[in-house]
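The values are calculated or read from the model by the stated rules, or taken from the named source; none is laboratory data. Note that this is a predicted model, so its numbers are computed, not measured. Because the Cβ atoms are built from the backbone with ideal geometry, glycine has one as well, and the counts that use them run over all protein chains shown.
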């Protein structure tokens, strides 16, 4: 390729012609890169979207929910959100309220920006819509007479203690030479992390990812009644210690006794 200087020497001494030719030659060399993103050239829009602009379900769920509820809505430490029975008993408004405001008495925090969290109303809607699209299997509870998501009245703890032996003890209470298959749900540390709604929801929807059946199969041959679920829940909540995890002497919790400090003696 001839240089601009070589071509310029053959042109008439017309400054404007020389300038125009060199300019055209330079443009022809640059034009192949016109559609490319050159180093240092900003892209269209911001490189990283602002957090409140993200509405992708996978991104929002992965960042805010998967740590407790599992990557695919199951096999997490908290409620199995992909459970079709759970999706069948809870409505959209309740899901939004729980995500936005959290659950008092549990480890579920408030994610709504208005409640001090980081998610906008649009992002909460995106999470609810995404959960429904992926995990709601339709009206799987049609004709099943499923208990309501929320209790309509306060339970009877005395009746709940009796119902517990029928509904829960077989898996959650240890027997001679047999450990508790499902772990102790009367343990103070466990009860300190849940509330009444957690127990009720789990008894109704079960935890199929952990092998726990729903309310229809907890007792052989019949489904649990709403009264039984409400009463058992009330009794379990009555077992919650006032100071969970603190083995103070006389509290009824196991732990080493503490030697009281001697009273100071005035001189």
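General observations
Matching residues to (1) within 12 Å of the chain's Cα centre (by Cα); (2) at pLDDT below 95:
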| site | (1), (2) |
| --- | --- |
| 32 | no, yes |
| 69 | yes, no |
| 90 | no, no |
| 100 | yes, no |
| 118 | no, no |
| 122 | no, no |
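- Members of segment 100-121 that are in a helix (DSSP H, G or I) and in contact with a helix residue (DSSP H, G or I) (Cβ under 6 Å, 6 or more places away or on another chain): 100, 101, 115
- Candidate set: segment 169-185, residues that are crowded, with 16+ Cβ neighbours inside 10 Å and modelled with pLDDT of 90 or more; chosen: the one nearest to residue 244 (Cα to Cα): 185
The rows are residues; the columns are (1) on the phi > 0 side of the Ramachandran plot; (2) part of a helix (DSSP H, G or I); (3) surrounded by fewer than 16 Cβ atoms within 10 Å (Cβ to Cβ).
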{"site": "98", "(1), (2), (3)": "no, yes, no"}
{"site": "123", "(1), (2), (3)": "no, yes, no"}
{"site": "126", "(1), (2), (3)": "no, yes, no"}
{"site": "131", "(1), (2), (3)": "no, yes, no"}
{"site": "142", "(1), (2), (3)": "no, no, yes"}
{"site": "149", "(1), (2), (3)": "no, no, no"}
{"site": "152", "(1), (2), (3)": "no, no, yes"}
{"site": "159", "(1), (2), (3)": "no, yes, no"}
{"site": "162", "(1), (2), (3)": "no, yes, yes"}
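- Check on residue 63, surrounded by fewer than 13 Cβ atoms within 10 Å (Cβ to Cβ), at pLDDT 65 or above and in the same structural domain as residue 120 (by TED's automatic domain parsing): no
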